[in-house]
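Notes follow the structure.
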Amino acid sequence: MPHITTHHKIFQLQTGETLLEGLERTGHEVEYQCRSGYCGSCRVKILQGRVDYDELPLAFVAPGEVLPCCCKVVEDITLDCRVHKGEADLFDVDLFQS
Ligand code: FES
């Protein structure tokens, strides 16, 4: 199973998981809308390696980019992708601390 390396993590996909789902599971920040290759919202830069597509996606994919919702990871890849920075949760902070 190929390894996926980002700026913050190295992980492998689980059986049947798309790259988009794997990135979400590991806490990465990836935009998405259609989740099926139409909109291009999930576009991510690939820094190393390559991916395949069962069918060419309808969304434009520039050289050096992948659509994680519909690509197939066929070898180790490195993506320009970062873990989601959690926003401060107001309920975790005691606002009335004296
Ligand atoms: S989410 Fe629309 S192309 Fe990936």
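Rounded to the nearest 0.05, what FRET efficiency do residue 58 and residue 24 give with R0 = 25 Å and r taken as the Cβ-Cβ distance? Could you check?
Working: r = 22 Å, r/R0 = 0.88.
Taking R0 as 25 Å, the efficiency between residue 58 and residue 24 is 0.70.
All alpha carbon pair distances within the chain were sorted into 5 Å bins beginning at 0; the resulting P(r) in whole percents reads 3, 13, 23, 23, 15, 7, 4, 4, 4, 2, 1, 0, 0.
Where in the range 39-69 are there trypsin sites (Lys or Arg not before Pro) that are in a DSSP coil and have at most 12 other Cβ atoms within 10 angstrom of their Cβ? Intermediate results must be reported in sequence, preceding the final value.
Numbers: sites: 43, 45, 50; in loops: 43, 50.
Sparse-neighbourhood loop trypsin sites (Lys or Arg not before Pro): 50.
Could you pull out the longest piece of the chain with no exposed loop GluC sites (Glu not before Pro) in it, calling a site exposed if DSSP puts it outside H, G, I, E, B and it has at most 16 other Cβ atoms within 10 Å? Could the numbers behind the result be given before it?
Values: sites that count: 17, 29, 31, 55, 75, 87.
Between exposed loop sites, the widest span is 32-54.
Name all residues of the range 10-26 having a backbone nitrogen under 16 Å from the label point set 7 Å from the Cα of residue 74 along its Cα→Cβ direction, giving them as ranges. It comes to 19, nothing else.
In terms of other Cβ atoms within 10 Å, 34, 71 run from fewest to most in the order 34, 71.
Considering only beta bridges that DSSP places wholly inside the range 1-85, some 85 percent are antiparallel.
Working note: 222 nm ellipticity from helices only, DSSP H runs with n ≥ 4, each -39,500 (n - 2.57), summed and divided by the residues of the chain, gives -2000 deg cm²/dmol to the nearest 500. Extension gain, residue 48-residue 3: 0.36 nm per intervening residue step, less the Cα-Cα distance, totals 15.1 nm.
Throughout, read-outs are computed from the coordinates displayed, never taken from laboratory work. Values in this document were obtained by computation on a predicted structure and should not be read as measured data. Methodologically, a virtual Cβ is constructed for each residue, glycine included, from the backbone with ideal geometry; neighbour enumeration extends over all protein chains shown.
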